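Dumping the structure here so I can ask a few things about it.
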Amino acid sequence: MTAIPIMWLRQVKRYLRSKARIVGSLGQPLLFLVALGFGFGPIYEKAGGGNYLEFLAPGVIAMSILFTSMFSGIEVIWDRRFGFLKETLVAPVSRISIMIGRTLGGATVAIMQGVIITLISFALGFRIHSFWALPIALLFMLLVALMFTALGTAIASRLEDMQAFPLIMNLLIMPIFFLSGSLFPVTNLPRALDIVIRLNPLSYGVDGLRGALTGAYQFGFALDFAVLAGATILFSVIGAWMFSKIEL
């Protein structure tokens, strides 16, 4: 079990040492907050939706966690190419422990990213309804981070081409993000779109974060938590199985 904290610490150290990675990962969320939050804010308010930044910020926080979590899987391919993964897998520890450590490390990095975006949102004018809800928001951040880190690791476990990984990630990430209710309300939608959004696990992460930070749940806390917990367990099991089948 010592492999779990070792792999966790290694993932976190990688993130903290890469200042360019930290700064670069803030660009897209900041663009969404400023361009959409202030650009569409007056239109959204005139339509009776209220403060658009308060609606948008939880979705952008979830987006930053989603991107960071999924792309953490590329480190599996990187380690395989440069031999570190082989050295790790031949060690007298179970592959499940290694996968758990990597997943926890990637999730920790994603949560740190989400916290940074939350602080930036506060600086831009976003306000939460109660500071007592912050632990609930962190719980939803954790579930989203674990779920998509496990998914990214599972996909990376089956790939060897570093150039193919970002392409596949973008193919998955963009629909998951845009069809999660991050940018628009999920009420009064066409039936087909409503079904897709309800099948998207990130929808429940966004709703959970939005409900915790602003008090406005669409699906409800219980359903959000149940779906995210179930999806996290499912993706973690799939990720662990696929990681255990890596051939060097």
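Looking at (1) surrounded by 23 or more Cβ atoms within 10 Å (Cβ to Cβ); (2) free of Cβ contacts under 8 Å to residues at least 60 places away in the same chain; (3) under 29 Å from Trp78 (Cβ atoms), can you tell me which one Ser203 breaks?
(3)
Got a sec? Which helices (runs of 4 or more DSSP H) wholly within region 35-81 have at least 2 residues that are over 28 Å from Thr153 (Cα atoms)?
Ranges flagged: 41-46, 52-71.
Could you tell me which of the residues Ala133, Ala145, Ala164, Ala154 is small (Gly, Ala, Ser) and in contact with a Leu (Cβ under 7 Å, 6 or more places away or on another chain)? Full working, then the answer.
On the way: Ala145 fails: in contact with a Leu (Cβ under 7 Å, 6 or more places away or on another chain); Ala164 fails: in contact with a Leu (Cβ under 7 Å, 6 or more places away or on another chain); Ala154 fails: in contact with a Leu (Cβ under 7 Å, 6 or more places away or on another chain).
Only one candidate passes the filter, namely Ala133.
Right, another one. Might you check whether a residue that is buried (at least 24 other Cβ atoms within 10 Å of the Cβ), modelled with pLDDT under 90 and of a type outside the set (A, V, I, L, M) occurs anywhere in region 218-227?
Scanning region 218-227 turns up no residue that is buried (at least 24 other Cβ atoms within 10 Å of the Cβ), modelled with pLDDT under 90 and of a type outside the set (A, V, I, L, M).
To continue, here is another question. Could you pull out the residue among Leu223, Leu213, Leu142 that is under 30 Å from Glu75 (Cα atoms) and aliphatic (A, V, I, L, M)?
Leu142
If you take the residues in region 93-111 that are of a type in the set (A, V, I, L, M) and surrounded by fewer than 18 Cβ atoms within 10 Å (Cβ to Cβ), which one is nearest to the chain's Cα centre (by Cα)? Spell out the reasoning first.
Taking region 93-111 and keeping what is of a type in the set (A, V, I, L, M), we get 93, 96, 98-100, 104, 107, 109-111.
Subsequent filtering for residues that are surrounded by fewer than 18 Cβ atoms within 10 Å (Cβ to Cβ) retains 93, 96.
Numbers: Val93: 28, Ile96: 21 Å.
If we take residues in region 93-111 being of a type in the set (A, V, I, L, M) and surrounded by fewer than 18 Cβ atoms within 10 Å (Cβ to Cβ), then Ile96 is nearest to the chain's Cα centre (by Cα).
Would you be able to say whether some residue in region 155-169 is under 16 Å from the mean Cα position of the chain (by Cα), modelled with pLDDT of 90 or more and over 19 Å from Ile136 (Cα atoms)?
Checking region 155-169: not a single residue is under 16 Å from the mean Cα position of the chain (by Cα), modelled with pLDDT of 90 or more and over 19 Å from Ile136 (Cα atoms).
For Met242, work out the one condition from (1) closer than 19 Å to Ala137 by Cα; (2) in contact with a helix residue (DSSP H, G or I) (Cβ under 6 Å, 6 or more places away or on another chain) it doesn't fulfil.
Answer for Met242: the failing condition is (1).
Please determine whether any residue of region 185-198 is closer than 23 Å to Ala35 by Cβ, β-branched (Val, Ile, Thr) and touching a residue at least 60 places away in the same chain (Cβ under 8 Å).
no
Which of the residues belonging to region 69-90 are among the polar types (S, T, N, Q) and either modelled with pLDDT of 70 or more or under 28 Å from Met141 (Cα atoms) (or both)?
Selection gives Ser69, Ser72.
Right, something else. Identify all residues within region 156-190 that are of a type in the set (A, V, I, L, M), surrounded by 15 or more Cβ atoms within 10 Å (Cβ to Cβ) and assigned to a helix (DSSP H, G or I); write none if there are none.
Result: Ala156, Ile168, Met169, Leu172, Ile173, Ile176.
Additional query: May I ask you to list the residues in region 96-144 that are under 24 Å from Asn51 (Cβ atoms), among the aliphatic types (A, V, I, L, M), part of a helix (DSSP H, G or I) and in contact (Cβ under 8 Å) with a residue 60 or more places away in the chain?
Ile116, Ile117, Ile120, Leu124, Ala133, Leu134, Ile136, Ala137, Met141, Val144
Determine if region 126-133 includes at least one residue that is at pLDDT below 90, crowded, with 17+ Cβ neighbours inside 10 Å, in contact with a helix residue (DSSP H, G or I) (Cβ under 9 Å, 6 or more places away or on another chain) and more than 25 Å from Ile238 (Cβ to Cβ).
Of all residues in region 126-133, those at pLDDT below 90 come to 126-133.
Subsequent filtering for residues that are crowded, with 17+ Cβ neighbours inside 10 Å retains 126, 128.
Going one step further and asking which of them are in contact with a helix residue (DSSP H, G or I) (Cβ under 9 Å, 6 or more places away or on another chain), we end up with 126, 128.
Now narrow it down to the ones that are more than 25 Å from Ile238 (Cβ to Cβ): 126, 128.
Yes, region 126-133 contains a residue that is at pLDDT below 90, crowded, with 17+ Cβ neighbours inside 10 Å, in contact with a helix residue (DSSP H, G or I) (Cβ under 9 Å, 6 or more places away or on another chain) and more than 25 Å from Ile238 (Cβ to Cβ).
The values are calculated or read from the model by the stated rules, or taken from the named source; none is laboratory data. The model shown is predicted, which means the values in this text are computed figures rather than measured ones. No Cβ is skipped: glycine too gets one built from the backbone with ideal geometry, and neighbour counts run over all protein chains shown.
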